[in-house]
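Nothing in this text is a laboratory measurement; each read-out follows from the coordinates by a stated rule. A quick note: this is a predicted structure, and the numbers were derived from the prediction, not measured. Note that each Cβ is placed from the backbone with ideal geometry, even for glycine, and that neighbours are counted across all protein chains shown.
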Amino acid sequence: MDEKRSNASRISSQFAHGEDKGEPISRQEEIFSDFFFPLYYQPKHKNKSYQLILWFLSFLELLCLSFFKIDIGSNKQSIVSFYIGFIDFSSTGLIIGQGAAFLAIVLMVIVAAIAVFQGVAAVLYRQIITTQPWILTFLQVLVDLLMRVFYIPFIHSFITTFDCYGDENGKSYWRAQPTIQCLSGNILQIISAIISIVFLLYFLAYSILVNLLIFKHDPRHGGLFA
């Protein structure tokens, strides 16, 4: 633990003052690095069983995603896709209809809450690492689950809010609730769709940054371009 704290202080100092000759960095760069610093010091294979479970769940979701299919004639999921889709949430939003908008909003709150938690941990990092280091471990696990297990289900739920199809008359309807015209017949659907698009862009940027920064600087320890 002492070695970990020493290493953390060393890299924190590098973030705050620059690695070469103590050259200072801009305030924006300092805030950016501080925000992601609590996620550092996760060995790539810290727990093989834990990593194996995450890998299996990610593989299962990707496998289910490969079965996703919409019948062009009925504009509904095929039978196989319907039942398998409950694993990766591709069927959930379509089943609950207008509830898909509420589900997407709840998931947005969860993503935002984790980001706020991460920001608080960054601000109080020195106090947390010396008194309650388990909080950082808990945060790391949350982000790990968000990026590797819940990423596809969350993306599916966001997309469901604006997943529409057109009929032979040229009108567009919301697939989750075919009685509602897409982005014109229901204020909840319109608002949730707009917010979902914004959160999709945010979630994509956030996931790229986390995958870039979640491991140590040493490329042998992992990272997006390792």
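Inspect all residues belonging to the range 64-78 and state whether any of them is free of Cβ contacts under 8 Å to residues at least 12 places away in the same chain, hydrophobic (A, V, I, L, M, F, W, C) and more than 22 Å from GLY166 (Cβ to Cβ). For the range 64-78, residues free of Cβ contacts under 8 Å to residues at least 12 places away in the same chain, hydrophobic (A, V, I, L, M, F, W, C) and more than 22 Å from GLY166 (Cβ to Cβ): absent. The residues on offer are VAL120, VAL143, VAL109, VAL149, and the sole one that is surrounded by 13 or more Cβ atoms within 10 Å (Cβ to Cβ) and free of Cβ contacts under 8 Å to residues at least 60 places away in the same chain is VAL120.
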